[in-house]
C-alpha cells in the first residue's frame, strides 16, 4: 500500500532505517547565466527563469541516479514565478527547491532564484512554485511515488 503524507508530515517507509524526503528538504544548484539568456539590456529574459527552475528539478533527479523509464516518470503540472528584482548578465544564479508538500503522487516545491554575490551572499531575485506528479505514461494517470524514488531523491537534498 502506498504511503500518504500531509503537508506537515514526512513520507516514511516501512523500514525506519531508510531515509526518504521530508518537508523542508532543499536542493541547491548554481547555474551561470549565459549571454544568450539576456535581452538587449542584459536582463535575464522572463522565460529563462522557468528554464533555471527546470534545470534545478532535472538536476535533482539526475543527482539521485534514478534510472530512466519509458513507463513511469515525473511531469510538471504547475509552475509559477514572481519576479522580485532583475537579473543582469553576467550572473551566477543559485536555484533552490524547497519541498513544501508531498502527496501520494504529487510533490510541491517553493523555488527561490538568487544571484550569488562576489562575497557569496545570496540576493533573492525571484520566487516560484512548481508541482510535479509521478505518472504512469501507459495508463495516462498519476501513480504513487515509488519509495525507491523518494529515497534516491533524499540522497540529493540538504536537511537542516
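Is the stretch 44-114 rounded, prolate or oblate when judged by the Cα gyration tensor, a ≥ b ≥ c being the square roots of its eigenvalues, rounded requiring a/c under 1.5 and prolate requiring a/b larger than b/c? Before the final figure, lay out each step's value.
Numbers: a/c = 2.26, a/b = 1.73, b/c = 1.31.
Because a/c hits 1.5 or more and a/b exceeds b/c, the stretch 44-114 counts as prolate.
Between 129, 71, 96, find the one with the highest GNM mean-square fluctuation for the chain; connect C-alpha pairs within less than 10 Å.
Ranking 129, 71, 96 by mean-square fluctuation puts 71 first.
Quickly estimate the mean residue ellipticity at 222 nm for the chain, helices only: each DSSP H run with n ≥ 4 gives -39500 (n - 2.57), and the total goes over all residues, rounded to 500. Don't jump to the answer; show the numbers that get you there.
Numbers: 2 runs with 26 residues, N = 160.
So the helix-based figure for the chain works out to -5000 deg cm²/dmol.
Give me 130, 59 sorted ascending by neighbouring Cβ count inside 10 Å, so fewest comes first. Intermediate results must be reported in sequence, preceding the final value.
Values: 130 21, 59 17.
Listing 130, 59 from fewest to most nearby Cβ atoms yields 59, 130.
At what distance in angstrom do the alpha carbon centres of the stretch 36-83 and the stretch 126-146 lie from each other?
So the two Cα centres are separated by 14 Å.
What list do you get for 28, 112 if you sort them by fewest beta carbons within 10 Å? Write out the running numbers ahead of the final one.
Details: 28 18, 112 21.
Ranking 28, 112 by Cβ neighbours within 10 Å, fewest first, gives 28, 112.
Quick one: pull the percentage of alpha-carbon pairs in the chain with a separation above 28 Å. Write out the running numbers ahead of the final one.
Details: 3182 of 12720 pairs.
Here the long-distance tail beyond 28 Å is 25 percent of all Cα pairs in the chain.
Report, to the nearest 10°, how far helix 46-63 tilts away from the longest principal axis of the Cα atoms in the chain, using its own Cα long axis and a range of 0 to 90°.
Result, in degrees: 40.
How would 48, 19 line up from fewest to most surrounding beta-carbon atoms within 10 angstrom? Walk me through the intermediate numbers first.
Details: 48 18, 19 14.
Listing 48, 19 from fewest to most nearby Cβ atoms yields 19, 48.
FYI, it's all coordinate maths here, none of it is from the lab. Computed from a prediction, not measured in an experiment: that's the story for all the values here. Reconstructed Cβ throughout: ideal geometry from the backbone, glycine too, with neighbour counts over all protein chains shown.
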